[in-house]
1. State which residue pairs qualify: first residue more than 12 Å from His70 (Cα to Cα) and inside the stretch 95-110, second residue surrounded by fewer than 21 Cβ atoms within 10 Å (Cβ to Cβ) and not aliphatic (A, V, I, L, M) in any location, beta carbons under 6 Å apart, and separation of 6 or more residues or different chains.
2. Can you pull out the residues in the stretch 21-48 that are over 18 Å from the mean Cα position of the chain (by Cα) and over 25 Å from Asn221 (Cα atoms)?
3. Which residue, of Ile127, Ile96, is in contact with an Asp or Glu (Cβ under 9 Å, 6 or more places away or on another chain) and within 16 Å of the ligand (Cβ to nearest atom)?
4. If I ask for residues that are surrounded by fewer than 21 Cβ atoms within 10 Å (Cβ to Cβ) and either more than 28 Å from Lys117 (Cα to Cα) or in contact with a strand residue (DSSP E or B) (Cβ under 8 Å, 6 or more places away or on another chain) (or both), which ones from the stretch 161-172 would you list?
5. Suppose we keep only residues that are free of Cβ contacts under 8 Å to residues at least 60 places away in the same chain and among the acidic types (Asp, Glu) within the stretch 21-47. Which one would you say is nearest to Ile81 (Cα to Cα)?
6. Taking the stretch 197-256, which residues are of a type in the set (Val, Ile, Thr) and touching a strand residue (DSSP E or B) at 6+ places or on another chain (Cβ under 7 Å)?
7. Please work out if Glu136 is without any contact (Cβ under 8 Å) to a residue 24 or more places away in the chain and of a type outside the set (S, T, N, Q).
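A short reminder: the numbers here are calculations on the coordinates, not readings from a lab. Predicted model, so just to flag it, every value in this text is computed and none were measured. Positions of Cβ are backbone-derived with ideal geometry, glycine not excepted, and every protein chain shown enters the neighbour counts.
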Amino acid sequence: MSRKVIIAGNWKMNKTAAEGKALVEALKPLVADVCPDVADIVVCPPFTTLAAVVEAAKGSNIKVGAQNVHWAASGAFTGEISAAMLKEAGVEYVIIGHSERRQYFGETDATVNQRLKAALAAGLKPIVCVGELLEEREGGRTEQVLAAQLTGGLAGLTPEEMTRVVIAYEPVWAIGTGKTATPEMAELTHNFIRCTLNDLFGKEVGEGVRIQYGGSMKAENAGELVAQRNIDGGLIGGAALKADSFAALIHNAIAK
Ligand code: 13P
């Protein structure tokens, strides 16, 4: 089955509205040759930068995502943003359960699941992050950890809903460290994730789900990572913060 590549830049807590607009304006001409049938290009700025980036990306092949979403429609949830607010802002994708949310803000598989359901109900396209810590990999527990994150995070979804979800596999030890999983190591883990999705949702659905790799992906390693059978793109941190490095990464990822 051929799955369309999806390359998403997670800007994390970087870029003011003015800086975000400038980055998208610089990126647009550099990726204008990337056919929308070949790859989805997504940028995920902080909440306050979303509107400027949606405006700057209009009419281009660059799509916009947020970095989190709350599960409630409205109410007393200081500091949170609802799915309807993101839709109104023109957002298409949303990252859910990033390891930094899990590590620093108490995100659990249960809250990932609630956020995911709210995002799907609002028609957002969720990117659900999973990944193991260094000690979990070294302790031989990677598959156990991923299986629990997938089973818990995706609980109660219908197969149809699952067709609208992207999974991002981000080994926590590879994020921002310059340590990338080798393409072979990443592929083995992606294959495990694919098998788990097949078990949970049926092969027809599981084989269609796009699984991104994240963790020190850059122009130099994107090609061989995305060439792996079960690696369908990337979720990029540092290398997505400059137009030229992000454009080079995208071109290398889709080069045959
Ligand atoms: P880096 O690409 O900076 O390692 O970050 C990866 C990441 O966390 C993307 O969500």
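1. Arg101/Glu107; Asp109/Gly152
2. Result: Lys21, Ala22, Glu25, Thr48.
3. Ile96
4. Arg164, the sole residue that qualifies.
5. Glu25
6. Val209, Ile211, Val226, Ile231, Ile236, Ile250, Ile254
7. So Glu136 passes the test.
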